[in-house]
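Structure, as structure tokens:
The values are calculated or read from the model by the stated rules, or taken from the named source; none is laboratory data. What you are looking at is a predicted structure, and each value in this text was computed from that prediction instead of being measured. Neighbour counts run over all protein chains shown; Cβ positions are idealised from the backbone, glycine included.
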Amino acid sequence: MTNLILLLVTTYLVIIIIGSLLNKFFKLPWMFTVVIYGIVLSVFGLFSNVFKSESFQLLSQLGMLLFLFTIGLDLNLREIRKLGKLIIFGNIALVLTEATLLALVFYFIFPAYVNHSFFIAFIAGVAFGTVGEVLLLAILKEFGVEKTRFGQLALGIGVFDDMFELFAMGVIVALPAFTFIGGDKSSAVKNGLEIFGILLALILVTALLVKISKYLRPTIGKLSKLNDKIPPFLIFLLFFGFIYLSSIKFENLGIIAAIFSGIVVKEILPSAWIEQYKKPIFFAANFILGPFFFLKLGSGISFSALLANPILILIIMAVSLSSRLFVSFLLFRKTLGNRESLVMGVGLCAKFSTSVISENLLFTSGLIAAPLYSAIMVSFILLKPIVIGVFSNNLALIKDGLHEKEKVMIPGGFTPIPEVKSE
């Protein structure tokens, strides 16, 4: 326990000292600093016993689940339903193009890293290809263009992208059950079907609760008058209840349930409760338990594998940037203009959200090899300052022109893009 506390203290010091500098000069979020710190500790073999301890594993697991819970709290289903065809089609085209190109690279050049499976290679590509809209929103707000059609289109793609993240995570959770071990195909298929059945039940229960939320919310709101301790206990009851019921037989299903519990909490509980307890929950997820999870991510990266395959990192980064630029130019040049569409493509390379959890699940399930997992994680880190720098510099040059555009062109005529709000 003493070593665990020492690890946490040194991590906080690294975040405060080094993390602050990286954030100031490279705009890197604190979690990148923790991942890098985890890599350094792993390279020098420091705190290795702590990383293997049950206490650390439990805290990192809770950190991941609470982090996913906050993703669910931020997921706005009503806004997703309002998104226009251009946003939906654009997101599908961007993710599938990047995922397919990465899958071809993984499968044909590094087949052993994806168990010689094109499907696993494709899912790894889908997980990598999702957008981190939180960072995107921060940059757009900094230049005051989040309300422009450029900003709303970018954020809309980021919001709809959450659907891809949920899909990829669901498939990844189910994949190990379909792995035929010892030729027992019937057992594998049975487990796989059971997992999909639980996932379907989880989706249906969530959809039902969201549907009747307008009837539940007023009744639930009266409970706080009985005891002011009821709201936080009810929030965590739903959080842990969803996770427990979903993971009774298959532990990894709790990961999906954590996201859905956040959606349910946001939809059925009074908004005043959410506003009151959201900041403490986010603080716990990001600064109390979060560091344990991101340390675990960093400690799982193989530095020796990176030295042996540096070309893989460059390929991943090149494919990601080039595919996003190409597809964005094709889709949005008539709507935004040639230069603006290319700037959009750069901005949509902002990553590192639930995608890191999906890639970590693929790795810990044995579906992708350590060299590929390490290369993907390092690509996330290296892409961040490049994307932030290029996107910010170009956004500064085009921001005045963005405010002048009132409407955008989509097939069928001119129509405004529905405004996307990010909480």
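Quick notes
- Any hit, the range 273-280, residues being surrounded by fewer than 23 Cβ atoms within 10 Å (Cβ to Cβ), part of a helix (DSSP H, G or I) and under 18 Å from the mean Cα position of the chain (by Cα): no
- A Cβ distance below 6 Å, combined with a sequence gap of six or more or placement on separate chains, defines the contacts here; from the range 188-199, residues that are under 13 Å from ALA257 (Cα atoms) and part of a helix (DSSP H, G or I) reach residues that are at pLDDT 85 or above and not β-branched (Val, Ile, Thr) in the pairs ILE198/LEU253.
- Note on the range 1-86: enclosed helices (runs of 4 or more DSSP H) holding 1 or more residues that are at pLDDT 90 or above are 2-14, 30-43, 48-52, 54-74.
- Filtered residue count, the range 304-320, keeping only those that are in a helix (DSSP H, G or I) and in contact (Cβ under 8 Å) with a residue 24 or more places away in the chain: 10
- Selection within the range 11-40 - of a type in the set (Gly, Ala, Ser) and surrounded by fewer than 15 Cβ atoms within 10 Å (Cβ to Cβ): SER20
- Cβ separations smaller than 9 Å between residues 6+ apart or across chains give the following pairs from the range 241-263 residues that are closer than 20 Å to ASN191 by Cα to residues that are at pLDDT 85 or above and outside any helix (DSSP H, G or I): ASN252/SER365; LEU253/SER247; GLY254/SER247; ILE255/SER247; ALA257/SER247.
- Any chance PHE283 is farther than 27 Å from ASN23 by Cα, hydrophobic (A, V, I, L, M, F, W, C) and without any contact (Cβ under 8 Å) to a residue 40 or more places away in the chain: no
- Residues in the range 321-342 that are of a type in the set (S, T, N, Q) and in contact (Cβ under 8 Å) with a residue 60 or more places away in the chain: 3 in all.
- When the criteria are applied in full, ARG324 meets the requirement of being crowded, with 18+ Cβ neighbours inside 10 Å, of a type in the set (Lys, Arg) and either part of a helix (DSSP H, G or I) or touching a His at 6+ places or on another chain (Cβ under 7 Å) (or both).
- Hits in the range 108-130 (condition: β-branched (Val, Ile, Thr) and either within 15 Å of GLY170 (Cα to Cα) or touching a helix residue (DSSP H, G or I) at 6+ places or on another chain (Cβ under 7 Å) (or both)): VAL114, ILE120, ILE123, VAL126, THR130
- Selection status of LEU397, out of contact with any Phe, Trp or Tyr (no Cβ under 6 Å at 6 or more places or on another chain) and either closer than 20 Å to ILE139 by Cβ or surrounded by fewer than 23 Cβ atoms within 10 Å (Cβ to Cβ) (or both): yes
- Flag if LEU8 is in contact (Cβ under 8 Å) with a residue 60 or more places away in the chain and touching a Ser or Thr at 6+ places or on another chain (Cβ under 8 Å): no
- Sole exception among (1) outside any helix (DSSP H, G or I); (2) modelled with pLDDT of 90 or more for CYS349, by number: (2)
- For the range 352-362, the criterion of being crowded, with 18+ Cβ neighbours inside 10 Å and at positive phi is met by at least one residue.
- Criterion applied to ILE203, ILE139 was being modelled with pLDDT of 85 or more and part of a helix (DSSP H, G or I), and the one residue passing it is ILE203.
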